[in-house]
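One structure is given below, encoded as structure tokens.
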Amino acid sequence: MILADTHTHLYLEEFDHDRHEVVEKAIQSGVEYMMLPNIDSSSVKPMLSLAEAFPRHCFPMIGLHPTSVKENYMDELAAVECWLLDRKFYGIGECGMDYYWDKTFINEQEIAFCHQIDLALAYKLPLIVHIRESFNEVIRILKDVNKPELKGIFHCFSGSVEQAKQAIGLGFSLGLGGVTTFKNNKMQETLKHIELKHLVLETDAPFLAPMPHRGKRNEPAYIPLIAQKLSEIKEISMEEVALSTTQNAMNMFRIKPINLSKFA
Ligand code: NI
């Protein structure tokens, strides 16, 4: 069984003491693909050195996280553009709108998000969207853009069936993380109404560890716990969950499988 973690921040300092062991453990758990969304200019170098250490398993993306949008956001966006000219990245992100932590820069957050949508379109890359108390604003922006060729992931999706259908209607997949495993989480009902072909798995490590590790450091080796929960909710096998979510991820990020026979 091959799994993909479509959203993991393994380059952060929480993994400074055991980063390579964490990647090896993930691979041993079947998590062969780890997508690395960027945060801001300070995280690019550690992210790229991890991607270079594991070129067949760790895939970098480039973007500016909404909570890193500050006075200097234009410089940060210019840095994103420079990196895109410099080497290959697999997605734009993570970007989006965060109204939870700080509303000081919400206008700048919107400008930065729109700019990154344009980059995703220009480079034909998937857009990794972060939403926190900003679902309606993000939907409004994506509807205004109105580009059917724009694809991507609503990262850490935890909304209603109605919201899931809005995201899917705009061409996006839903990223399912540890929150899905929390007791009585509303995603467990939402997911009954959403087809598997719209779903990908993610950890958002080191944050949001799934049960039974809730509150501790998260890591990609926990992806099988999320896959297990999804298989229970959908009443299908783990193999079916793995096959579908991994293929969805690989199509989205245009990654060729390491070993096709393992998919049989
Ligand atoms: Ni993230």
* Can you tell me the equivalent ellipsoid semi-axes for the stretch 183-257? Use √(5λ) from the Cα gyration tensor, largest first, whole Å. => 20, 17, 10
* Structure fact -> Counting all Cα-Cα pairs in the stretch 1-82, those more than 19 Å apart amount in percent to 38 percent
* Structure fact -> Residue-normalised value, i.e. accessible area per residue, for the chain at 1.4 Å probe, in Å², stands at 46 Å²
* Asked: Ignoring ligands, DNA and RNA, how do C82, C95 rank by accessible area with a 1.4 Å probe, largest first?
  -> C82, C95
* Please arrange M74, M34 by accessible surface area, largest first, computed with a 1.4 Å probe and ligands excluded. => M74, M34
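Taking the Cβ of A205 as the centre, find all other residues whose Cβ is under 10 Å away and add up their charges (Lys, Arg: +1; Asp, Glu: -1). Provide the component values of the computation, followed by the final result.
Working: positive: R217; negative: D5, E14, E202, D204, E219.
Once positives and negatives cancel, what remains is -4.
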* How high is the relative contact order of the stretch 3-263, given as a whole-number percent (alpha carbon pairs under 8 Å, six or more residues apart)? -> 19 percent
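So which of K103/K256; K103/K229; K103/K165; K124/K216 end up more than 29 Å apart, counting from Cα to Cα?
Details: K103/K256 40 Å; K103/K229 34 Å; K103/K165 27 Å; K124/K216 36 Å.
Over 29 Å apart, Cα to Cα: K103/K256; K103/K229; K124/K216.
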* **Percent breakdown of C-alpha pair distances by 5 Å bin, ordered from the shortest bin, for the stretch 96-199** => 2, 12, 23, 24, 19, 12, 6, 1, 0
* What nm distance separates the two modelled labels at H213 and T104, each placed 7 Å from Cα along Cα→Cβ? -> 3.3 nm
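Which whole-number percent of Cα pairs in the stretch 26-156 have a distance greater than 18 Å?
Numbers: 4421 of 8515 pairs.
In whole percent, the long-distance tail amounts to 52.
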* Structure fact -> Sorted list, accessible surface of protein heavy atoms, 1.4 Å probe, largest first, for K229, K124 is K124, K229
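Computing the accessible area with a 1.4 Å probe over protein heavy atoms, can you report the carbon and sulfur percentage for the chain? Don't jump to the answer; show the numbers that get you there.
Working: 6080 of 12020 Å².
That fraction is 51 percent.
With +1 on each Lys and Arg Cβ and -1 on each Asp and Glu Cβ, how big is the dipole of the stretch 119-173 about its Cα centre, in debye rounded to the nearest 20?
Details: 7 positive and 5 negative charges, 31 e Å.
The calculation lands at about 160 debye.
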* Lys/Arg Cβ at +1, Asp/Glu Cβ at -1, dipole of the chain taken about the Cα centre: which of A79, F207, M34 is farthest positive-ward? -> M34
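Suppose only helical runs count, i.e. DSSP H with n ≥ 4. What mean residue ellipticity at 222 nm does that imply for the chain under -39500 (n - 2.57) per run, divided by all residues and rounded to the nearest 500 deg cm²/dmol? Show your work: numbers first, answer last.
Details: 9 runs with 104 residues, N = 264.
Roughly -12000 deg cm²/dmol at 222 nm, from the helical runs in the chain.
Dividing the Cα radius of gyration by the Kirkwood radius, what Rg/Rh value follows for the chain?
0.93
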* Report, in whole Å, the centroid distance computed from the Cα atoms of the stretch 37-51 and the stretch 146-179. => 25 Å
* For the chain, size of Cβ-based charge dipole, Lys and Arg +1, Asp and Glu -1, in debye -> 780 debye
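The values are calculated or read from the model by the stated rules, or taken from the named source; none is laboratory data. As the structure is a computational prediction, the values presented were derived from the model and not from experiment. So basically every Cβ, Gly included, is an ideal-geometry build from the backbone, and we count neighbours across all protein chains shown. Quick note on the areas: whole protein, heavy atoms, side chains included, nothing else; ligands and nucleic acids left out. Shrake-Rupley method; radii C 1.70, N 1.55, O 1.52, S 1.80 Å.
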